[in-house]
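Chemist: Can you keep this structure in mind? I'll have questions shortly.
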Amino acid sequence: MHVRCNLSSTNKLRLRDNLSDGKEIGVTRADIQEYLKLLPVVKQTPQGSLWSSYDAEADVLYINFKKPSHATDSELTDDDVIIRYEGDEIIGVTILHASQP
């Protein structure tokens, strides 16, 4: 899912997804504090960037640290995380069953 963001006058960040129904997802300013906790992780990535998308139907979260990227190898961990490599560099992870604790 890709989203478009707008801040409304009610201090809610309104996200409109790209699904056919155009469903809005409300995020409060307090919720943004949770996203800010990712900042140290993002700053440690080689390009200082992080891209993510969630596939609700498959319950899979994709996180990429490099774009464009071309995985040359991957490894499945015991906790259902696929680590993707380009050479020796980790370029992303795929988290299977992402909504499960």
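Chemist: Could you check region 48-70 and list, in sequence order, the residues that are in a loop (DSSP other than H, G, I, E, B) and surrounded by 13 or more Cβ atoms within 10 Å (Cβ to Cβ)?
Modeler: Passing the criteria: Leu50, Asp59, Phe65, Lys66, Ser69.
Chemist: Residue check, Pro40 against (1) at pLDDT below 90; (2) surrounded by 12 or more Cβ atoms within 10 Å (Cβ to Cβ), all met but one. Which one?
Modeler: Pro40 satisfies every listed condition except (2).
The values are calculated or read from the model by the stated rules, or taken from the named source; none is laboratory data. Note that this is a predicted model, so its numbers are computed, not measured. Cβ sites come from the backbone with ideal geometry, for glycine too, and all protein chains shown count toward neighbours.
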